């Protein structure tokens, strides 16, 4: 393992280097793009995504359903964990042999689209004008480019406030409501924090995953009237006065009230003190719901609180794209179309990792009445005040630059203000390099 | 001692026959990758679009990239503690394990276990030892009336990961030294004993000089491992998006290649790492000529 990674990097250099010489496999005869939408010859397409074994089971079902509806198309599914997925995908893309269909996280979409490896789906969408009618429009935004859409969402995530009912009951604090402000959250978190005689905090009021803006940080910045980045994606705005106020608010909760654990402390509880039962509230998307189902306490969700400039949450979607080098683009699009159909969206809703993008399914019992008895509707209602998680070329490096830079602040080893002063120019440089 | 023997006749045939698979692997695998890395280090390449000529830009960046400079400093600090630590401790362990103790193979196995255990699993156990509020180490410190220490906070994390990496490497080092120790003829020790040399003298005047080839080899291997250390460090100090509180150079190479679409920059960093290790190797071989005793 020690040398494995190093060898992997080196070996993939070689693989990628000679990939251009590869000839397509014998079975992948090109299909003329003028062929009818459903080709008559039996076709096999490959589909790659990130996920865990539970997700693979559901996708195998969706693929089987799809095959039943389109007997000529067989889909081969391959699932990897998040990190290996992107490594594998990049290697396949650079070798010119990408999977026909592959999963995309919206913020990273432009990193691929701008490099010309994705198929423009607009001609297909123009032929199927009603296809996206039932889809939440907020989830389509991320995929739009001046020359059309190169990807389609399959499910979405809005960030909500999770709370431990047992802790609220024990402390005699009223549950969070839709009228809550951040000041209410702070006051409640303070009451829910328990500090022992030795000064050690044994229970926190609130905890946040501070590695990424999406869960909990971008929300408060928007609510304070700040923003993450300008519309042209040329200037980082997290150092502007309003954003600083929001950061200061969280910083005070962490170091003055001690109601939020610093990241060193949080990592002792497996990174999620809420799930570990030592934090009364947290902010996450729907992806934590299956994991929280096994929690040994009662919990529910509420919308993110109100701030001086209103209420805000983040919306992000996962979707599918088609490789530009795909030999079976028609069959691939047929599959994307199926993913947005009611039967497939219902299966995804039952899987419970995310919210279906098809409104009729999201508002049906398949999504609203899941195994976990929580107010699922809050995820959908949050769309009304959701901002899109930023989507631009260079997103990964930009967010890593800010995340790395801010990390010492959230461990208590660096000052907030001076850190922001150095992080913002570094992030702007990344943006300049990616123009 | 067989160091001076040369292969003869049929032995020569088998020597080359057995080395062929390794050579094929090296020529077609490693050599190709090395050449590709060198070529890419002069290119701008994001993996997805055709590479463009970058000239020396990637090499100029080696001196400007703040994240890389931090990683390099960390790698050097890490190696400076790790290499002597591994060599000295595994030599001492090997000397202990070279005695006639009851159940010595059990002890040897115990020392070797980390080498064959998944680094991810052992790192999780170390996390439980190092935890600030819930860790075993701080529990013991508090019982002894001392202040708890934040072992994996930035100021201590370097030492914490060095300890874990040394612990993980003792087993392999022990095997190398045991092989060297068993080759030292017993008569030397017996003669020394008759002359009245105690264990301490025997160790420094017989064991150490005669085991210099093993010390040399182990130092070399440990240095290479130190510059490529990744898995324990990742598991113990990782942060979001592939970062670490003690990022070493491998973090920088990996993230530039796979997360930041900067394959050219990653290649230049890999070359830089190779050049540093090669320079150290040259220095070691110079030392070898002066100090290593081949009997």
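A few notes on this one:
- The C-alpha atoms of chain A define a longest principal axis, and helix A:4-18 lies at about 40 degrees to it.
- Anisotropy class of the stretch B:65-291 from Cα gyration tensor, a/c 1.5 cut: oblate
- Between the stretch B:12-51 and the stretch B:244-265, the alpha-carbon centres lie 21 Å apart.
- For residues of A:269-280, the mean tally of beta carbons on other chains within 10 Å: 1
- Spin-label pair residue A:78/residue A:198, simplified geometry with 7 Å Cα→Cβ offset, distance in nm: 5.1 nm
- Angle between chain A longest axis and helix A:342-351 axis [Cα atoms, degrees, rounded to 10]: 40 degrees
- Take A:184-193, B:54-63, B:244-253 and order them by the average number of nearby Cβ atoms within 10 Å per residue, most first; the result is B:244-253, A:184-193, B:54-63.
- Expected 222 nm ellipticity per residue - DSSP helices of 4 or more, -39500 (n - 2.57), all of chain B, to 500: -21500 deg cm²/dmol
- Shape call, chain A: gyration tensor on alpha carbons, a/c limit 1.5: prolate
- Peptide B:30-41 - average C-beta neighbours from other chains (10 Å radius): 4
- For the stretch A:376-435 and the stretch A:144-189, distance of Cα centres in Å: 19 Å
- If you run the Gaussian network model on chain B, springs between alpha carbon atoms under 10 Å, then out of B:210, B:72, B:18 the most flexible one is B:18.
- Rg/Rg_globular for the stretch A:340-435, with Rg_globular taken as 2.2 N^0.38 Å and Rg from C-alpha atoms: 1.58
- Secondary structure note: in the protein assembly as shown, about 70% of the DSSP beta bridges are antiparallel.
- Three-way shape call for the protein assembly as shown based on the alpha-carbon gyration tensor, with the a/c threshold at 1.5: oblate
- Computing Rg and the Kirkwood Rh from the Cα coordinates of the stretch A:61-163 gives a ratio, Rg/Rh, of 0.98.
- A quarter of the convex hull surface defined by the alpha-carbon atoms of the stretch A:374-423 gives 5.8 nm² as the mean projection.
- The ranking of A:424, A:322 from fewest to most other beta carbons within 10 Å of each one's beta carbon is A:424, A:322.
- Using a simple spin-label model with pseudo-atoms 7 Å out from Cα toward Cβ, residue B:118 and residue A:421 lie 4.7 nm apart.
- Exposure proxy ranking, count of Cβ atoms within 10 Å, fewest first, for A:431, B:113: B:113, A:431
- Here the Gaussian network model covers chain B, with springs between Cα atoms less than 10 Å apart; of B:207, B:117, B:49, B:49 fluctuates the most.
- Between the Cα long axis of helix A:53-69 and the first principal axis of chain A there is an angle of about 40°, rounded to the nearest 10.
- Antiparallel bridges, percent of DSSP beta bridges restricted to chain A (to nearest 5): 65 percent
- Counting only DSSP H runs of at least 4 residues, each contributing -39500 (n - 2.57), and dividing by the residue count of chain A, the helix-based mean residue ellipticity at 222 nm comes to -11500 deg cm²/dmol.
- At q = 0.12, 0.24, 0.26 Å⁻¹, base-10 log of I(q)/I(0) for the stretch A:143-200 (Debye sum, equal scatterers on each alpha carbon): -0.52, -1.05, -1.13
- Ordered by the count of other Cβ atoms within 10 Å of each Cβ, fewest first, A:214, A:350 give A:350, A:214.
- Averaged over the residues of peptide B:42-52, the number of Cβ atoms from other protein chains lying within 10 Å of each residue's Cβ is 4.
Where a number appears in this text, it was derived from the coordinates with a stated rule and is not lab data. Everything numeric in this text was worked out from a predicted model, so none of it was measured. Neighbour counts run over all protein chains shown; Cβ positions are idealised from the backbone, glycine included.
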